[in-house]
Amino acid sequence: MAAPAFEEIAEIIEFRLNQVVELLNEIEYELNTCTPQELYDYLTSESFKDSKITFRDRLGNEYLFLHSIIEISALKDEGIEITSKTITSISKEALYDAHLKATDYELGYSLILEDYYWLKHRMAQLEQDIKNDKHMPESLKERAQEIYDSFLEYKDY
(Lines give C-alpha, C1' and ligand atoms only; values in the text may rest on other atoms or scores of the structure.)
Protein backbone atom coordinates (compact mmCIF):
# COMPACT_ATOMS: atom_id res chain seq x y z
CA MET A 1 0.00 0.00 0.00
CA ALA A 2 1.39 3.37 -0.99
CA ALA A 3 2.05 6.02 1.59
CA PRO A 4 -0.42 8.90 1.76
CA ALA A 5 0.67 12.25 0.40
CA PHE A 6 2.78 14.34 2.74
CA GLU A 7 0.13 17.06 2.94
CA GLU A 8 -2.40 14.51 4.23
CA ILE A 9 -0.29 13.41 7.18
CA ALA A 10 2.14 16.27 7.82
CA GLU A 11 0.53 17.08 11.17
CA ILE A 12 0.67 13.45 12.31
CA ILE A 13 4.33 13.19 11.35
CA GLU A 14 5.14 16.44 13.14
CA PHE A 15 3.28 15.29 16.27
CA ARG A 16 5.04 11.90 16.34
CA LEU A 17 8.40 13.50 15.58
CA ASN A 18 8.00 15.95 18.46
CA GLN A 19 7.13 13.08 20.82
CA VAL A 20 10.32 11.22 19.97
CA VAL A 21 12.50 14.34 20.04
CA GLU A 22 11.12 15.15 23.51
CA LEU A 23 11.82 11.60 24.68
CA LEU A 24 15.38 11.68 23.36
CA ASN A 25 15.97 15.11 24.89
CA GLU A 26 14.82 13.80 28.28
CA ILE A 27 17.42 11.05 28.18
CA GLU A 28 20.01 13.49 26.83
CA TYR A 29 20.49 11.76 23.49
CA GLU A 30 22.35 14.10 21.14
CA LEU A 31 19.98 14.17 18.21
CA ASN A 32 20.50 15.89 14.90
CA THR A 33 16.82 16.59 14.33
CA CYS A 34 15.04 16.32 11.03
CA THR A 35 12.02 18.07 9.62
CA PRO A 36 8.72 16.28 9.03
CA GLN A 37 9.39 16.61 5.27
CA GLU A 38 12.83 14.98 5.59
CA LEU A 39 11.36 12.16 7.64
CA TYR A 40 8.58 11.60 5.13
CA ASP A 41 10.97 11.69 2.18
CA TYR A 42 13.34 9.23 3.86
CA LEU A 43 10.61 6.81 4.89
CA THR A 44 8.95 6.82 1.49
CA SER A 45 12.14 6.78 -0.55
CA GLU A 46 13.23 4.17 -3.04
CA SER A 47 15.31 1.35 -1.65
CA PHE A 48 17.70 -1.24 -3.01
CA LYS A 49 16.16 -3.85 -0.68
CA ASP A 50 12.72 -5.35 -0.49
CA SER A 51 11.27 -4.63 2.92
CA LYS A 52 8.07 -5.90 4.43
CA ILE A 53 8.05 -2.91 6.79
CA THR A 54 5.81 -0.22 5.34
CA PHE A 55 5.69 3.52 5.85
CA ARG A 56 2.61 3.06 8.02
CA ASP A 57 4.42 0.45 10.11
CA ARG A 58 7.27 2.88 10.76
CA LEU A 59 4.95 5.77 11.55
CA GLY A 60 2.76 3.72 13.89
CA ASN A 61 5.36 1.69 15.77
CA GLU A 62 7.21 3.40 18.61
CA TYR A 63 10.40 1.40 18.09
CA LEU A 64 10.52 1.62 14.30
CA PHE A 65 9.79 5.34 14.40
CA LEU A 66 12.52 5.90 16.99
CA HIS A 67 14.88 3.78 14.87
CA SER A 68 14.15 5.88 11.79
CA ILE A 69 14.76 9.18 13.55
CA ILE A 70 18.06 7.98 15.03
CA GLU A 71 19.11 6.61 11.64
CA ILE A 72 18.40 9.96 9.98
CA SER A 73 20.24 11.77 12.77
CA ALA A 74 23.30 9.57 12.27
CA LEU A 75 23.26 10.27 8.52
CA LYS A 76 22.92 14.01 9.12
CA ASP A 77 25.82 13.81 11.58
CA GLU A 78 27.91 12.63 8.62
CA GLY A 79 26.76 15.59 6.53
CA ILE A 80 24.39 13.56 4.38
CA GLU A 81 21.39 15.42 3.02
CA ILE A 82 18.07 13.67 3.63
CA THR A 83 15.93 13.41 0.50
CA SER A 84 13.80 10.83 -1.25
CA LYS A 85 17.00 9.61 -2.95
CA THR A 86 19.21 9.30 0.13
CA ILE A 87 18.95 5.53 0.52
CA THR A 88 19.87 4.79 -3.07
CA SER A 89 22.44 7.54 -3.52
CA ILE A 90 24.76 7.15 -0.52
CA SER A 91 27.29 4.44 0.19
CA LYS A 92 26.11 1.21 1.77
CA GLU A 93 28.77 1.77 4.45
CA ALA A 94 27.20 5.07 5.54
CA LEU A 95 23.67 3.70 5.35
CA TYR A 96 24.39 0.52 7.29
CA ASP A 97 26.51 2.35 9.84
CA ALA A 98 23.53 4.61 10.60
CA HIS A 99 21.20 1.61 10.59
CA LEU A 100 23.36 -0.26 13.10
CA LYS A 101 23.55 2.77 15.40
CA ALA A 102 19.77 2.98 15.31
CA THR A 103 19.39 -0.77 15.82
CA ASP A 104 21.65 -0.70 18.87
CA TYR A 105 19.66 2.14 20.38
CA GLU A 106 16.31 0.56 19.47
CA LEU A 107 17.24 -2.72 21.15
CA GLY A 108 18.47 -0.87 24.22
CA TYR A 109 15.26 1.13 24.39
CA SER A 110 13.15 -2.03 24.20
CA LEU A 111 15.25 -3.48 27.03
CA ILE A 112 14.69 -0.38 29.18
CA LEU A 113 10.95 -0.80 28.63
CA GLU A 114 11.32 -4.54 29.35
CA ASP A 115 9.66 -5.32 26.02
CA TYR A 116 11.32 -8.70 25.57
CA TYR A 117 8.96 -9.70 22.79
CA TRP A 118 10.16 -6.79 20.65
CA LEU A 119 13.77 -7.40 21.64
CA LYS A 120 13.58 -11.06 20.53
CA HIS A 121 11.78 -10.10 17.32
CA ARG A 122 14.36 -7.52 16.30
CA MET A 123 17.29 -9.66 17.39
CA ALA A 124 16.01 -12.40 15.10
CA GLN A 125 15.89 -9.88 12.24
CA LEU A 126 19.41 -8.69 13.04
CA GLU A 127 20.66 -12.28 13.09
CA GLN A 128 19.12 -12.90 9.67
CA ASP A 129 20.68 -9.70 8.33
CA ILE A 130 24.11 -10.76 9.60
CA LYS A 131 23.77 -14.13 7.88
CA ASN A 132 21.83 -13.27 4.73
CA ASP A 133 21.87 -9.56 3.88
CA LYS A 134 23.94 -9.43 0.72
CA HIS A 135 23.95 -5.63 0.83
CA MET A 136 25.49 -5.30 4.29
CA PRO A 137 29.16 -4.42 3.87
CA GLU A 138 31.50 -7.07 5.22
CA SER A 139 33.28 -4.34 7.16
CA LEU A 140 30.15 -3.83 9.28
CA LYS A 141 29.14 -7.44 9.91
CA GLU A 142 31.44 -7.64 12.93
CA ARG A 143 29.78 -4.53 14.40
CA ALA A 144 26.35 -6.04 13.74
CA GLN A 145 27.44 -9.22 15.51
CA GLU A 146 28.74 -7.20 18.47
CA ILE A 147 25.36 -5.50 18.80
CA TYR A 148 23.58 -8.85 18.60
CA ASP A 149 25.91 -10.40 21.18
CA SER A 150 25.49 -7.48 23.59
CA PHE A 151 21.77 -8.28 23.91
CA LEU A 152 22.05 -12.06 23.75
CA GLU A 153 21.65 -12.60 27.49
CA TYR A 154 18.14 -11.07 27.31
CA LYS A 155 16.96 -13.11 24.34
CA ASP A 156 15.32 -15.82 26.47
CA TYR A 157 13.49 -13.58 28.94
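The values are calculated or read from the model by the stated rules, or taken from the named source; none is laboratory data. The structure presented is a predicted model; accordingly, all values stated were derived computationally and were not measured. Ideal geometry is used to build each Cβ from the backbone, glycine not excepted, and the neighbour counts take in all protein chains shown.
For residues that are of a type in the set (A, V, I, L, M) and in a helix (DSSP H, G or I), scanning just the stretch 39-62, find the one that is farthest from PRO137 (Cα to Cα). Let's see the steps before the verdict.
Filtering the stretch 39-62 down to residues of a type in the set (A, V, I, L, M) leaves 39, 43, 53, 59.
After this cut, where a residue has to be in a helix (DSSP H, G or I) as well, the list is 39, 43, 59.
On the way: LEU39: 25, LEU43: 22, LEU59: 27 Å.
Restricting to residues being of a type in the set (A, V, I, L, M) and in a helix (DSSP H, G or I), the top hit is LEU59.
Those residues that are within 15 Å of ARG58 (Cα to Cα) and either aliphatic (A, V, I, L, M) or outside any helix (DSSP H, G or I) (or both), I need them from the stretch 15-29; list them, please.
LEU17, VAL20
Regarding the stretch 111-122, can at least one residue be identified that is over 23 Å from GLU62 (Cβ atoms), touching a Phe, Trp or Tyr at 6+ places or on another chain (Cβ under 8 Å) and modelled with pLDDT of 95 or more?
no
Hey, among SER110, SER89, SER84, which residue is more than 22 Å from GLU14 (Cβ to Cβ), surrounded by fewer than 21 Cβ atoms within 10 Å (Cβ to Cβ) and among the polar types (S, T, N, Q)?
Working: SER110 fails: surrounded by fewer than 21 Cβ atoms within 10 Å (Cβ to Cβ); SER84 fails: more than 22 Å from GLU14 (Cβ to Cβ).
Exactly one of SER110, SER89, SER84 is more than 22 Å from GLU14 (Cβ to Cβ), surrounded by fewer than 21 Cβ atoms within 10 Å (Cβ to Cβ) and among the polar types (S, T, N, Q), namely SER89.
I'd like to check something: does the stretch 42-63 contain any residue that is more than 18 Å from LEU126 (Cβ to Cβ), of a type in the set (Val, Ile, Thr), modelled with pLDDT of 95 or more and within 14 Å of the chain's Cα centre (by Cα)?
Scanning the stretch 42-63, I find no residue that is more than 18 Å from LEU126 (Cβ to Cβ), of a type in the set (Val, Ile, Thr), modelled with pLDDT of 95 or more and within 14 Å of the chain's Cα centre (by Cα), so the answer is no.
Being within 16 Å of GLN145 (Cα to Cα) and surrounded by 20 or more Cβ atoms within 10 Å (Cβ to Cβ) is the requirement here; does TYR96 meet it?
Yes; evaluated as a whole, the condition is true for this residue.
Working only within the stretch 2-14, note down all residues that are surrounded by 11 or more Cβ atoms within 10 Å (Cβ to Cβ) and either on the phi > 0 side of the Ramachandran plot or assigned to a helix (DSSP H, G or I) (or both).
PHE6, ILE9, ALA10, ILE12, ILE13, GLU14
Which of the residues belonging to the stretch 15-40 are closer than 24 Å to ILE90 by Cα and either in contact with a strand residue (DSSP E or B) (Cβ under 7 Å, 6 or more places away or on another chain) or surrounded by fewer than 18 Cβ atoms within 10 Å (Cβ to Cβ) (or both)?
Selection gives GLU30, ASN32, THR33, THR35, GLN37.
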